[in-house]
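In what follows, a single structure is set out as structure tokens and then discussed.
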Amino acid sequence: MTAIKADRTRVMEYINRLDNYDAPDIANIAISNELFEEAFAIFRKFDKARESYVETELIFALAKTNRLAELEEFINGPNNAHIQQVGDRCYDDKMYEAAKLLYNNVSNFGRLASTLVHIGEYQAAVDGARKANSTRTWKEVCFACVDGKEFRLAQMCGLHIVVHADELEELINYYQDRGYFEELITMLEAALGLERAHMGMFTELAILYSKFKPQKMREHLELFWSRVNIPKVLRAAEQAHLWGELVFLYDKYEEYDNAIITMMNHPANGWKEGQFKDIVTKVANVELYYKAIQFYLEFKPLLLNDLLIVLSPRLDHTRAVNFFSKVKQLPLVKPYLRSVQNHNNKAVNEALNNLFINEEDYAALRTSIDAYDNFDNISLAQSLEKHELIEFRRIAAYLFKGNNRWKQSVELCKKDKLYKDAMQYASESKDIELAEELLAWFLLEDKKECFAACLFTCYDLLRPDVVLETAWRHNIMDFSMPYFIQVMREYLSKVDKLEASESLRKQEEQATESQPIVYGTPQLMLTAGPNVAVPPQQAYGYGYPAAPGYGQPPQPSFGYGM
């Protein structure tokens with residue numbers, strides 16, 4: 001003991017020369033003073049190796065002296081040592097080669113794997129971890145392989161870790177903190193095909209794509225959007241400014257309003273025509289419709305009509321027309337206006353009518369006002385009556401007529417020499433005075449042919465005596481004769497009908513008088529004498545009988561064809 005404390009170089013000499021001392025105690029003192037060779041010599045000299053404690057210490061002494069061959073031979077033979085205990089002591093003292101032998105002997109694969117990574121035997125460590133099949137061991141070996149840049153082996157270990165959701169974040173952080181993003185992504189991509197793949201794996205891979213491989217994120221989301229944590233990936237996509245992917249996720253998450261807002265705020269990367277039109281119809285806030293219209297007007301004006309037609313079922317057309325009127329873009333949205341005119345909306349009708357006027361398309365204007373009547377007729381007519389084109393002034397007259405302003409309508413036609421229209425509107429007015437005024441105007445204008453045409457167009461309104469006087473005074477009986485022929489024919493037809501009706505009435509009266517007063521048994525009755533025929537009376541004038549009591553001789557008939 002004195003030599004141990006005073007002169008360590010002489011301890012071995014005393015051990016070999018002296019015999020009378022307590023071997024175990026001296027051996028323990030030697031071990032505690034790190035004199036492992038001397039302790040081993042004591043155990044060999046006194047053959048104390050069959051005691052458990054002694055054998056344990058002997059093994060540790062062999063390990064400490066790096067006599068690995070003797071150590072391996074000893075532990076493979078019969079012994080009572082606590083090998084696990086010695087292995088832990090060797091591991092703690094970083095005697096990894098000895099620990100490897102000891103752990104392997106007791107089949108402690110978890111500790112064996114941990115030991116192997118310290119001596120750089122990564123493949124053997126992976127094999128040991130596979131035998132241990134412990135998450136803790138897999139993590140230790142995986143991290144060691146990452147530190148040793150053995151990424152293939154690290155991936156093999158990582159595949160056993162990522163299937164545990166609570167371990168995934170630590171693994172990802174370990175890779176990321178060391179900048180091994182590619183290797184981490186590769187490992188997670190390989191893990192997606194595992195039977196135990198869970199949402200966290202798909203989510204974290206999407207987030208990694210957003211940070212390091214944005215070009216692959218869209219494909220990943222299209223394949224696995226239903227298996228990712230969408231809110232978490234949404235935040236990652238927004239932070240990475242991946243607007244297209246953000247819109248895609250909003251759509252799948254049914255946050256349509258946010259999807260539309262994102263596309264409008266970031267059109268360069270987030271907007272797609274078909275996707276925008278599909279999503280915008282699903283938004284809850286209709287105000288976004290009008291923001292979308294403003295957006296298209298600025299960003300894609302040529303596609304504006306397509307958008308408006310898609311929005312039209314829920315769009316306030318009056319508000320839309322007012323907006324485009326304010327920005328002076330009504331001509332741009334003419335196709336939209338025509339597509340919704342079937343709703344007969346006043347604002348739409350008036351906007352289209354104004355466009356037709358500006359385009360000088362009188363045919364389209366006439367068609368519009370005939371088909372859709374919800375507009376300010378009088379205002380439009382007043383704006384058209386002074387138009388430079390006659391066809392639009394003609395439409396003005398047509399509109400006045402439609403609002404029972406017959407006189408104004410006819411006057412406008414007279415001014416533009418639209419004789420046919422003037423006659424037609426006068427006829428439709430059912431106004432005798434207006435028709436006779438038009439007839440007189442034709443004579444003032446020396447329009448004899450029009451006078452004749454008006455006689456028949458306004459036939460029902462004109463009084464024959466007025467026409468006869470007018471024709472006689474202006475010496476145009478030839479132009480009025482067809483009219484009088486028609487009048488005469490009509491009057492004769494009426495008289496004939498009256499005569500036939502009177503004859504029928506008399507026959508009915510006679511039949512009524514010939515019926516017996518008493519009904520029942522037939523009775524003998526006095527009958528009248530033989531019927532006396534009444535001589536026919538001479539026709540007079542236009543088929544009228546002569547007035548009785550004048551004793552005038554029979555007159556020849558007048559009129560036509562009698």
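The values are calculated or read from the model by the stated rules, or taken from the named source; none is laboratory data. The structure displayed is predicted, hence computed values, not measured ones. Using ideal geometry, Cβ is built from the backbone for each residue, glycine included, and neighbour counts are taken over all protein chains shown. When the accessible area is computed, the model is the full protein with side chains, heavy atoms only, and any ligands, DNA or RNA have been set aside. Shrake-Rupley method; radii C 1.70, N 1.55, O 1.52, S 1.80 Å.
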Among L443, S210, N265 the positive-end extreme of the charge dipole of the chain (Cβ point charges):
L443
With a point put 7 Å past each Cα toward its Cβ, work out how far N66 is from E388 in nm, to one decimal.
11.2
Over region 397-486, consider all pairs of different Cα atoms and compute the Kirkwood hydrodynamic radius from their mean reciprocal separation; express it in Å, one decimal.
12.9
At R0 = 56 Å, how high is the FRET efficiency between H474 and E513 if r is their beta carbon distance? Nearest 0.05 is fine.
0.50
Using mean Cβ contacts within 10 Å as the protection proxy, how do 192-201, 149-158, 335-344 order, highest first?
149-158, 335-344, 192-201
What does the extension gain come out to for E169 and H241, with contour length at 0.36 nm per residue minus their alpha carbon separation?
23.6 nm
Quick calc, R152 & Q85: beta-carbon distance into FRET formula, R0 22 Å, rounding 0.05, result 0.05
So how exposed is W271, as accessible area in Å² (1.4 Å probe, rounded to 10)?
40
With a 1.4 Å probe and all protein chains kept in place, how do F456, F400 rank by accessible area, largest first?
F456, F400
Å³ per residue of the Cα convex hull, for region 336-446?
91
Under 16 Å from the 7 Å Cα→Cβ point of D177, by amide nitrogen: which residues of region 215-241?
none
Give me the accessible area per residue for the chain, probe 1.4 Å, as a whole number in Å².
57
Using alpha-carbon positions, the gyration tensor of region 58-215 gives root eigenvalues a ≥ b ≥ c; with a/c under 1.5 called rounded, otherwise prolate if a/b exceeds b/c, else oblate, the class is prolate
Taking the Cβ-Cβ separation of E219 and A268 as r and a Förster radius of 35 Å, what is the calculated FRET efficiency to the nearest 0.05?
0.95
Filtered hits (lysines, Cα-Cα < 23 Å from K300, offset >= 8 within chain) -> K272, K277, K282, K291, K326, K328, K334
Run the quick spin-label model on E433 and K291: label points 7 Å from Cα toward the beta carbon, then report their separation in nm to one decimal.
6.3
Using the Kirkwood radius over Cα pairs, work out the Stokes-Einstein diffusion coefficient for region 158-233 at 4 °C and 1.567 mPa s, in µm²/s as a whole number.
106
In the chain, taking the dipole from +1 charges on Lys and Arg beta carbons and -1 charges on Asp and Glu beta carbons about the Cα centre, the listed residue (L116, G148, L102) farthest towards the positive end is G148
Relative to the longest principal axis of the chain, what angle (0 to 90°, nearest 10) does the C-alpha long axis of helix 52-64 take?
80
Using a probe of 1.4 angstrom, how much of the accessible area of the chain is carbon and sulfur, in percent?
50
How would D306, D373 rank on accessible area, largest to smallest, probe 1.4 Å?
D373, D306
Cysteines of the chain lacking any other cysteine beta carbon under 4.7 Å?
C90, C145, C413, C450, C454, C458
